[in-house]
Amino acid sequence: MQARGRLIGLGVGPGDPELITVKALRLLRESPVVAYFVAKGKKGNAFGIIEAHLQAAQTLMPLVYPVTTEALPAPMSYEQIISDFYDTASLDVAAHLDAGRDVAVICEGDPFFYGSYMYLHDRLAERYEAEVVPGVCSMLGGASVLGAPLVYRNQSLSVLSGVLSADELKRKLVDADAAVIMKLGRNLPKVRQVLIDTGLAERALYVERATMSNQKIVPLAEVDPMSSPYFSLIIVPGERWQG
Ligand SMILES: C[S@@+](CC[C@H](N)C(=O)[O-])C[C@H]1O[C@@H](n2cnc3c(N)ncnc32)[C@H](O)[C@@H]1O
């Protein structure tokens, strides 16, 4: 009987092509099928990071998101549409696995840190051999280019989604020693106001496309909300410990 292929969640780092791990590169080169999530009409960040390493014999499998925003007019439900999409994507990936082909699903940053790979993993890892290769996640890439040590000694770090309501963000931020706020884009004005209201704005650092060739570091107060991209984050570093 034909051995089944392996599902591989491959973290490729936050953008700088040199931040991919040796292991991820090896498995990428060995995988007959390379799958990647991508918005319609886009190349995709993860794909851009590894493109130069692909070989002609590899099968590319773009998994194109049917929607790009969670705010959809009724009766459309983002949750239903995206769940159906992951079901279908899992079936497509499983067809390759059943035929004995390994499938590397490349993920920007780390696969298990807000990565879409997780939704394939949840659907397939009980039935197929799965391996996850961790990657340098965006908040660590961000901290390094901002020159911002994240947490000292016994401080705790809160990782928050900018999609949360202002009240929820405030509640979680007041107790945080240090924080990272992801998924900014259109959420930036709300997040910035919350940081002002909680007295954290002075400590907050903002970066767009950290470690990518088009990286931009701008003082938070000067960020134009109309042009703040989805690939941006804010870091509120822990208070420096004078060790
Ligand atoms: C769906 S999550 C993916 C996170 C990714 N798996 C990781 O390990 O960092 C997308 C969010 O990650 C953040 N992000 C990802 N890459 C980034 C980068 N190079 N610079 C700044 N933020 C980034 C942004 O906040 C973006 O909204």
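The values are calculated or read from the model by the stated rules, or taken from the named source; none is laboratory data. Please read these numbers as outputs of a predicted model, since none were measured by experiment. As a convention, Cβ positions derive from the backbone with ideal geometry for all residues, glycine included, and neighbour counts pool all protein chains shown. Just the protein is used for accessible areas: all its heavy atoms, side chains included, with ligands, DNA and RNA removed. Shrake-Rupley method; radii C 1.70, N 1.55, O 1.52, S 1.80 Å.
Could you calculate the contour length gain from residue 52 to residue 217, that is, 0.36 nm times the residue separation minus the distance between their Cα atoms, to one decimal place in nm?
Extra length from residue 52 to residue 217 when fully extended: 56.7 nm.
Exposed loop sites here are GluC sites (Glu not before Pro) in DSSP loop states with at most 15 other C-beta atoms within 10 Å. What is the longest stretch of the chain lacking them?
Values: sites that count: 70, 126, 129, 202, 239.
Of all site-free stretches, the longest is 130-201.
Which lysines, if any, have their Cα less than 28 Å from the Cα of residue 40, not counting same-chain residues under 8 positions apart?
183, 190, 216
When the helix-only estimate is applied to the chain (DSSP H runs of n ≥ 4, each -39,500 (n - 2.57), divided by the residue count), what is the mean residue ellipticity at 222 nm, nearest 500 deg cm²/dmol?
When only DSSP H runs of four or more count, the value is -9000 deg cm²/dmol.
Between rounded, prolate and oblate, where does the range 139-236 land on the alpha carbon gyration tensor, with a ≥ b ≥ c its root eigenvalues, rounded for a/c under 1.5, else prolate if a/b exceeds b/c? Mind dumping the intermediate values first?
Numbers: a/c = 1.75, a/b = 1.11, b/c = 1.58.
The shape class here is oblate.
Please compute the per residue accessible area over the chain with all protein chains in place, 1.4 Å probe, rounded to a whole number of Å². Provide the component values of the computation, followed by the final result.
Values: 12710 Å² over 243 residues.
Solvent-accessible surface per residue comes out at 52 Å².
Any idea how far apart residue 239 and residue 68 come out in nm if each label point goes 7 Å out from Cα toward Cβ?
4.3 nm
How many angstrom lie between the C-alpha centres of the range 82-123 and the range 133-174?
Cα centroid to Cα centroid, the span is 26 Å.
Using a 1.4 Å probe on the protein heavy atoms, what percent of the accessible area of the chain belongs to carbon and sulfur?
C and S atoms contribute 52 percent here.
Give me the dipole magnitude in Debye, nearest 20, for the range 52-158 about the Cα centre, with unit charges on the beta carbon: positive for Lys and Arg, negative for Asp and Glu.
380 debye
How much FRET efficiency would the formula 1/(1 + (r/R0)^6) give for residue 153 and residue 201, where r is the Cβ-Cβ distance and R0 is 25 Å, rounded to 0.05?
0.55
Under a Cβ-only charge scheme (Lys and Arg +1, Asp and Glu -1), can you give me the dipole magnitude of the chain about the Cα centre, in debye to the nearest 20?
300 debye
What is the range 190-243 by shape, rounded, prolate or oblate, if you read a ≥ b ≥ c off the alpha carbon gyration tensor as root eigenvalues and call it rounded for a/c under 1.5, prolate for a/b larger than b/c, and oblate otherwise?
oblate
Along the positive direction of the dipole of the chain (beta-carbon charges: Lys, Arg +1; Asp, Glu -1; about the Cα centre), which of 174, 225, 65 reaches farthest?
225
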